[in-house]
Each structure stands twice: as C-alpha cells, then as structure tokens.
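**Q** Here it is, the structure, as structure tokens.
No lab work stands behind these numbers, since they all come straight from the coordinates. Quick caveat: nothing in here was measured; it's all calculated off a predicted structure. Cβ placement follows ideal geometry from the backbone for every residue including glycine, while neighbour counts extend to all protein chains displayed.
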Amino acid sequence: MEQIEKIELHVCSRCGNELDDEERDSPSLNKLSEPICDDCYRECYREYCPICEDYYDKPEKPTDTYFIVSKSSEQDAGIKAGVYHVLEYPVFSAAVGGLGSTYLWKENFELLRECDVDSMLSKIYGKGTAKLDGTEFVCECCARRFSRTTNFIQIRKRWVESALYKNIRERGIIQEGK
Ligand SMILES: [Zn+2]
Ligand SMILES: [Zn+2]
C-alpha cells in the first residue's frame with residue numbers, strides 16, 4: 001500500500017508523465033487533490049491572455065469571461081471593436097466540430113467600451129506591437145485596463161503637471177523612462 005502511494009506521487013495523474021523535481025516538491029493539484037504536472041495544470045485550469053502574455057485562471061463562471069474584438073476584425077465579427085464582458089454562455093454557435101460560420105449570441109454579452117485596442121497597444125508599447133488576431137479572450141485585468149474611459153497616457157500627462165508627481169516618482173509608484 002505504502003509503495004503504491006509513493007509511486008503515484010511521482011507521476012502526473014492526468015498524463016502519466018513523471019513529475020520533475022520542482023513539481024514533486026510542490027505539485028499542482030487537480031480538483032480531486034491528485035498531483036498533476038505543470039503542463040496539465042495549465043491545460044486544465046489556466047488560460048493564455050494574448051495581451052499581457054501571461055496565464056490566468058480559467059473562468060469558472062460566464063461573468064468572469066472577457067473578450068476583445070480588434071479593429072481589423074470588426075467586419076468579420078459583425079460587432080464593434082472593443083472590450084466585451086460575457087453575461088451568459090454560450091457566446092458563439094457553430095456547426096458540430098466548429099467548422100463553418102459562427103453565430104454570436106448578442107444578448108449574452110455586453111460591450112464595456114468601444115475602442116481600438118491594437119492602436120492603444122501601439123501607443124503604449126510602440127508601433128508594430130499589434131497583438132490581437134480577431135476575437136480573443138483576455139484576462140480580467142487586461143479587459144479592465146482597456147475598458148477604462150481614461151487611458152493612462154492622459155492620466156500620466158495630468159500627473160506630470162501636478163505637485164503630486166515628484167512624490168509619486170520618489171516612492172516608486174511611477175517609473176520614468178518607460
Ligand atoms: Zn500531466
Ligand atoms: Zn491579460
């Protein structure tokens with residue numbers, strides 16, 4: 001019995017691959033509290049955000065889901081470019097297997113802000129940094145960041161002119177030269 005438990009701890013309970021040293025020390029756990037490898041954990045519980053290029057927890061409910069429609073795909077999508085918040089699933093309807101036309105359930109999501117996220121990204125990070133390819137699901141952080149009605153270039157300008165700015169800089173809240 002003891003032997004079996006020991007063996008089980010060294011392999012991923014999903015793909016069966018052996019866990020590496022780091023994964024063994026602090027293994028990620030699935031919903032049944034069994035150890036799984038980092039790759040499987042990412043596949044099962046994490047989602048990739050194309051804007052911040054990081055992984056975030058897979059939304060557990062529809063209202064934790066956000067997506068962005070890029071300006072270039074506005075026509076294809078049939079909805080305005082901008083940041084959307086999902087209220088209910090489904091968001092799309094497609095034929096079995098996902099091939100062919102996709103239909104939108106427009107009553108199941110809301111537009112948080114009509115905007116061109118690609119051009120906002122270029123303003124912040126420089127030209128040619130467009131990251132969006134059509135309609136993309138993004139993390140809540142990025143969705144909130146781009147659905148603010150004031151973008152941070154305007155905020156920054158206001159700060160520079162205020163007495164607050166020196167204080168903010170000295171405390172490290174704002175970093176210059178970026
Ligand atoms: Zn695995
Ligand atoms: Zn993000």
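**Q** At R0 = 35 Å, how high is the FRET efficiency between Arg14 and Lys71 if r is their beta carbon distance? Nearest 0.05 is fine.
**A** Details: r = 39 Å, r/R0 = 1.12.
The computed FRET efficiency comes out at 0.35.
**Q** Separate question: Give Lys71/Lys106; Lys31/Lys131; Lys58/Lys80; Lys58/Lys123; Lys61/Lys106; Lys61/Lys131 a once-over and call out the pairs whose C-alpha atoms are over 21 Å from each other.
**A** Cα-Cα > 21 Å for Lys31/Lys131; Lys58/Lys80; Lys58/Lys123; Lys61/Lys131; rest within.
**Q** In what order do Leu32, Leu132 fall by count of nearby beta-carbon atoms within 10 Å, going from fewest to most? Kindly include the intermediate steps, with their values, before the conclusion.
**A** On the way: Leu32 7, Leu132 20.
Lowest to highest Cβ neighbour count: Leu32, Leu132.
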